[in-house]
Amino acid sequence: MKAEVLVVGAGPAGLSAAISAAKGGKKVVIIDKKEEIGKPVQCAEGIGSYLLEYLPFEFPKEFIEAKISGMYFWTEEKEIKKVGSIYEGYTINREKFEKWLAKKAENYGAKILLKNEFNGLEEGDDYIEAWSDKENFRAEKLIAADGAESGVLKSLRLFKEECIAKVINFEMKNVDLRFKDMEQVFITELAPLGYGFIFPLSGRRANIGLGTADRNIDLEKNFEEFLEIPVIKKQIKNAEIVKDKSGSVTIDYHVNGFTVGDKILLAGDCANQNLKPFAEGILPAVICGYIAGDAISMNKDYKKLVYEHMGDLIRYSDKINLFVKKVYELGVESRNNVILEILSNIASLDDILLNILIEETDILESEK
C-alpha cells in the first residue's frame, strides 16, 4: 500500500497529524493496533485552559466532562490550593474526542486502518518501507505517534525504559469528592518521581491514580496503600471501579529533537511532547501532531515550527523536569514539600534551586 505519509498511532497526535497532512493535499494512511478509535483510554483526561489558544481548531465543548477551577496539592506536612492560570482547565471524554478527530481526518481523505499493529520499518533512499501484522506499506514520510511505548522507537532501537513512567489509574463511580471542581495532587513517598491524583469527572465519578518513574517500587502495592491515606479513603469509601485506564507516560527524550533522519517525525508522547510537571499530554499531542502534518505538507522544519508555536512552554516544562529530578538525586530534606513548592509555583524556580544548592553545600561541608 502506497502513501505519501504513513502515520503510526491513531491517538490525538496521530489523528491531528493526519488531519493537517491530508488537508495539505497529502495521501495519508494511519495504522493502529487497537480495534476501536478512542479505546482503551490510558490517561486521567485532564486538559489545561491555557493551552486552548494554541490549538489549530476550537475544542468541541460537548466533550467536556467537568470544569476545573484549580488544583489542590497535598503532602503529609502541607496543603495548598491554586486557582486560575495554569491550574484551571477541564476533564474531558477522551474517547469521544478521538472519534471526532478520526472523523475529521477521514473527511480530509485520510485512510484509517485499525487492527494493524506496527511491526517494523526499513529506510530506502527516497522512501520508507514499513509493515504491520496485516499489510506492507511504502511511504515518503512516517509520523510516529504511537505513544509512550512506541513500537517505532523500539524498531529503531532508540527506545529507553528510563524515559517512561508507569501509571495505575481507575475511573471510579460513587465517589464523595472533597473538591468537586478541583484536581487533587498527592506528593507522597509511595510515588517517588511522580504523584497520586484525583481528577473529577461528571456526576460522582473521578479518575484516581498513582504514577511514578521509579522502577524499584511495587506500584500495585503502593497504589493499594495510597487508597488507604485518610484524605483519600474518605472520598472513595463507597466507590466502585468502572474502567481501568492504566498506562505509561514519557518523562524524558528518547532522542534529541523530534525527528529521526529526514523521513521520520515523532509526535505526542513518543516525542516527550507532554508538559511537566503534570505530564499533560492530550492538547500538546494535538498541537504538535498538527504541526508535524503541516511541516510535511509545507516542506518546513518541524522542530522549528514547534518551538515557534509553543517553545516557551516546552522550555519551562524541561526546566521543571530537571529541577524535580535534581531534588531526588540530591536527597533534599523534606523533598516532598520542595516538590510541592515547584508544582504549586509558590516560590520561583531560581529561589528553589538556590536553596537546594545551599543545602547541598552544607551536606558536603558536614561530610568533610
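What follows draws every value from the coordinates through simple rules; no lab data is involved. Owing to the predicted nature of the structure, the values given are computational and were not obtained by experimental measurement. Cβ atoms come from the backbone with ideal geometry, glycine included; neighbour counts cover every protein chain shown.
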Show which aspartates and glutamates lie in cross-link reach of residue 78 when reach means a straight Cα distance below 20 angstrom and same-chain residues fewer than eight apart are skipped. 183, 189, 225, 228, 333, 341, 351
Contour minus Cα-Cα span, residue 34 to residue 176, at 0.36 nm per residue, comes to 47.8 nm
Put +1 on the Cβ of every Lys and Arg and -1 on every Asp and Glu Cβ in the chain; which of 227, 182, 202 then has its Cα farthest towards the positive end of the dipole? 202
Please state the Cα pair-distance histogram of the chain with 20 angstrom bins from zero: what percent is in each bin? 29, 56, 15, 0
Hey, in the GNM for the chain with a 10 angstrom Cα cutoff, which one of 92, 80, 198 fluctuates hardest? 80
Cα convex hull of the stretch 133-194: how many Å³ per residue? 193
Taking the Cα centre as origin and putting +1 on Lys and Arg beta-carbons and -1 on Asp and Glu beta-carbons, what dipole magnitude results for the chain, to the nearest 20 debye? 1400
Stokes-Einstein, Kirkwood over Cα pairs, the stretch 164-249, 37 °C, 0.692 mPa s; D in µm²/s equals 257
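Order of 25-38, 266-279, 170-183, 6-19 by packing, highest average Cβ count within 10 Å first? Show your work: numbers first, answer last.
Values: 25-38: 20.0, 266-279: 26.1, 170-183: 17.4, 6-19: 30.6.
Descending mean neighbour count gives 6-19, 266-279, 25-38, 170-183.
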Which value, in debye to the nearest 20, gives the size of the charge dipole of the stretch 156-220 about its Cα centre, when Lys and Arg are +1 and Asp and Glu are -1 at the Cβ? 260
